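Please read the structure below before turning to the comments.
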Amino acid sequence: MYDDDACEVLRWLAGTKLIRGIISLGLTVKQAEKVIRLKIYEFLTPGAIYFTDQIGINKPNPKLYQRVLDDLGLIANRVMYVGDNPRNDIDPCNEVGIITVRNRRSGRHAQTDGNTKPTYEIRDFYELRRILQTDFGVTSTTDL
């Protein structure tokens, strides 16, 4: 499973009315196996799981993100995308008007910069929860 903070915040998000999805780069079978292995499927909205192989549009093409918005009937400026790769996640989402959150926890993209700045930067998922609570008024049934 993910680190404790990611697991806890995903569980917290599952207690909200928010759509919780992923857009994962790679072959459908491999990415689906990863979702199961990381034990995050239970926290996701089933119709909001996208694999680039399945769609036929790869990151960083902004059309990928626009396609997901259209499929789910969402308005870009009411959607938040969390990613660690500035070029694949942040830049294309900024281009279509999505609120972007750069996860700078660690990894190979931690020191890489993109062409645009994210709306927010976090170093752990507790920071993401604080942003959702403070800036967007999100509450969860787990808050009770």
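The values are calculated or read from the model by the stated rules, or taken from the named source; none is laboratory data. Note that the coordinates shown come from a computational prediction; the quantities given were computed from them, not determined experimentally. Glycine gets a Cβ as well: all are built from the backbone with ideal geometry, and neighbour counts include every protein chain shown.
Quick notes on this one:
- Whichever residue in the range 53-65 is in a helix (DSSP H, G or I) and under 14 Å from the mean Cα position of the chain (by Cα) and, among such residues, is surrounded by the most Cβ atoms within 10 Å (Cβ to Cβ): 65
- Residue in the range 118-125 that is buried (at least 20 other Cβ atoms within 10 Å of the Cβ) and in a helix (DSSP H, G or I) present: yes
- Taking the criterion of being in contact with a strand residue (DSSP E or B) (Cβ under 9 Å, 6 or more places away or on another chain) and exposed (fewer than 14 other Cβ atoms within 10 Å of the Cβ), the residues of the range 67-85 that qualify are 71, 77, 78.
- Within the range 34-52, the only residue that satisfies the criterion of being more than 20 Å from residue 11 (Cα to Cα) and assigned to a helix (DSSP H, G or I) is 52.
- Some residue of the range 5-22 being more than 19 Å from residue 122 (Cβ to Cβ), among the hydrophobic types (A, V, I, L, M, F, W, C) and without any contact (Cβ under 8 Å) to a residue 12 or more places away in the chain: no
- Only one of the listed residues (134, 142) is touching a residue at least 24 places away in the same chain (Cβ under 8 Å), outside any loop (DSSP other than H, G, I, E, B) and within 20 Å of residue 12 (Cβ to Cβ). That residue is 142.
- Some residue of the range 86-95 being in a helix (DSSP H, G or I), crowded, with 18+ Cβ neighbours inside 10 Å and polar (S, T, N, Q): yes
- Residue under evaluation residue 105, criteria (1) at pLDDT 95 or above; (2) of a type in the set (Lys, Arg); (3) not in a helix (DSSP H, G or I), criterion not met: (1)
- Candidate set: the range 108-140, residues that are of a type in the set (Ser, Thr, Tyr) and at pLDDT 95 or above; chosen: the one farthest from residue 75 (Cα to Cα): 126
- Subset of the range 20-49 (residues that are surrounded by fewer than 14 Cβ atoms within 10 Å (Cβ to Cβ) and within 18 Å of residue 89 (Cα to Cα)): 27
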